[in-house]
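The values are calculated or read from the model by the stated rules, or taken from the named source; none is laboratory data. This one's a predicted model, so the numbers in the text were calculated from it and none came from an experiment. Using ideal geometry, Cβ is built from the backbone for each residue, glycine included, and neighbour counts are taken over all protein chains shown.
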């Protein structure tokens, strides 16, 4: 059996050593992408073109390596978002690790930063190849100083520019590096105005580098306050209670005692529960979220803000609620089609004189929430919040409106005396 030799081409044929070339010239089977195989079309050997069907490729390699010398050509460095990683992962569980040899070379990112003469030890690297982009939120880049993107034909420089504009991130210098290593078609272009990129066309492959002007900022301390910037929280696909809405929702919860117990149902990123935890250091917050893929965001944010009194429950409410402390505050930020069941269960478990706050953007949910709170004698109140944020444009500023949100609030009455309000929750003119 011959070991499969995976050779990184670097930025082109000129980056290959004499040893690399000898292995390529003496192999029986040469594997690579179309561009790679064209570099060695003068060699008369069997070739395998790498396509999207990697299972077929791995099966073919396993069969041929028993009696043929196989060389796999990889872009840049084989183990840097390359085919080398895939082959090693697929072969190692069943074969001896020595059945694969890796010959590293210059990675695309190191070559890109060498071209613009900037250090890259502090860069945030993001791959937008295929499924790697799922769940990535561009708002996470607000506090980054230097970012590099590995692009593909769909997630290209135009896509990146549009996402930056959508997230209101205008303060990056934008560099596109096309066809690195190809002396005839290599092109490096800097853009100071991201708006100009959206209608441009770029050849593939390319790399995008974002850099902010000036010195890198010092690492921020997590100084906490109510209504912190959305970008300070890790969240996916914009699933976060926006800072202005969060501030008003927390005010409606009336966290007047430091030992309150709060249930944050439909927690999403955990932003409301986390900010509430600052106000109730002796109490507890239970962040309840049904979507397992959002739990990691909540846990990250809890650790980031050092919230020791926030507990996470991955469950479809009210599953698991029987094991939680009785709440005297409930916040419902999500519920969808199950909102009725959530409100019913919450009303029953809520402590006497406890407060429930429900946020919704749907008219149907507004009607449901109001009807159910009235059914349980909560005497609900509702406010509609419409927030518009200033947004920079190339020659000035404009307002960009967020979705209007209804905030429904109710206080649980004494079951023996419906309609009675606890004294410390009365308005001053009612006392």
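Miscellaneous remarks
- Those helices (runs of 4 or more DSSP H) lying entirely in region 219-316 with at least 2 residues closer than 24 Å to residue 388 by Cα: 243-253, 271-279
- Taken over region 343-361, the criterion of being assigned to a helix (DSSP H, G or I) and touching a strand residue (DSSP E or B) at 6+ places or on another chain (Cβ under 6 Å) is satisfied by 346 alone.
- Qualifying residue in region 189-200 (condition: out of contact with any helix residue (DSSP H, G or I) (no Cβ under 6 Å at 6 or more places or on another chain), over 19 Å from residue 138 (Cα atoms) and surrounded by 16 or more Cβ atoms within 10 Å (Cβ to Cβ)): no
- Enumeration of residues in region 347-404 that are in contact with a helix residue (DSSP H, G or I) (Cβ under 6 Å, 6 or more places away or on another chain) and more than 28 Å from residue 260 (Cβ to Cβ): 394
- One residue stands out among those in region 284-327 that are touching a residue at least 40 places away in the same chain (Cβ under 8 Å), farther than 15 Å from residue 262 by Cα and in contact with a helix residue (DSSP H, G or I) (Cβ under 9 Å, 6 or more places away or on another chain): the one that is surrounded by the fewest Cβ atoms within 10 Å (Cβ to Cβ), which is 304.
- Looking only at region 355-377, and only at residues there that are farther than 20 Å from residue 334 by Cβ and in contact (Cβ under 8 Å) with a residue 24 or more places away in the chain, the one that is surrounded by the fewest Cβ atoms within 10 Å (Cβ to Cβ): 377
This table checks each residue for (1) closer than 16 Å to residue 243 by Cα; (2) at pLDDT below 90.
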{"position": "378", "(1), (2)": "no, no"}
{"position": "386", "(1), (2)": "yes, no"}
{"position": "389", "(1), (2)": "yes, no"}
{"position": "405", "(1), (2)": "yes, no"}
{"position": "424", "(1), (2)": "no, yes"}
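- When restricted to residues that are touching a residue at least 40 places away in the same chain (Cβ under 8 Å) and outside any strand (DSSP E or B), region 166-198 contains 10.
- Within region 126-157, tally of residues that are in a helix (DSSP H, G or I) and either under 15 Å from the mean Cα position of the chain (by Cα) or at pLDDT below 95 (or both): 10
- Of all the listed residues (215, 237, 229), the sole one being farther than 23 Å from residue 116 by Cβ, surrounded by fewer than 18 Cβ atoms within 10 Å (Cβ to Cβ) and at pLDDT below 90 is 237.
- Conditions (1) touching a strand residue (DSSP E or B) at 6+ places or on another chain (Cβ under 6 Å); (2) surrounded by 22 or more Cβ atoms within 10 Å (Cβ to Cβ); (3) assigned to a loop (DSSP other than H, G, I, E, B); number of the one not met by residue 160: (3)
- So residue 330, is it in a helix (DSSP H, G or I), under 31 Å from the mean Cα position of the chain (by Cα), under 24 Å from residue 285 (Cα atoms) and touching a residue at least 24 places away in the same chain (Cβ under 8 Å): no
Rundown of residues vs (1) surrounded by fewer than 19 Cβ atoms within 10 Å (Cβ to Cβ); (2) closer than 24 Å to residue 178 by Cα; (3) modelled with pLDDT under 95, yes/no style:
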| residue | (1), (2), (3) |
| --- | --- |
| 9 | no, yes, yes |
| 30 | no, no, no |
| 36 | no, yes, yes |
| 59 | yes, no, yes |
| 101 | yes, no, yes |
| 108 | no, yes, yes |
| 112 | no, yes, no |
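- Candidate set from region 175-187 (those that are over 25 Å from the mean Cα position of the chain (by Cα) and crowded, with 16+ Cβ neighbours inside 10 Å); member that is farthest from residue 15 (Cα to Cα): 178
- Check on residue 391, over 30 Å from residue 345 (Cα atoms) and surrounded by 12 or more Cβ atoms within 10 Å (Cβ to Cβ): yes
- Among the strands (runs of 3 or more DSSP E) confined to region 1-62, the ones with at least 1 residues that are farther than 23 Å from residue 106 by Cβ are located at 29-32, 46-49.
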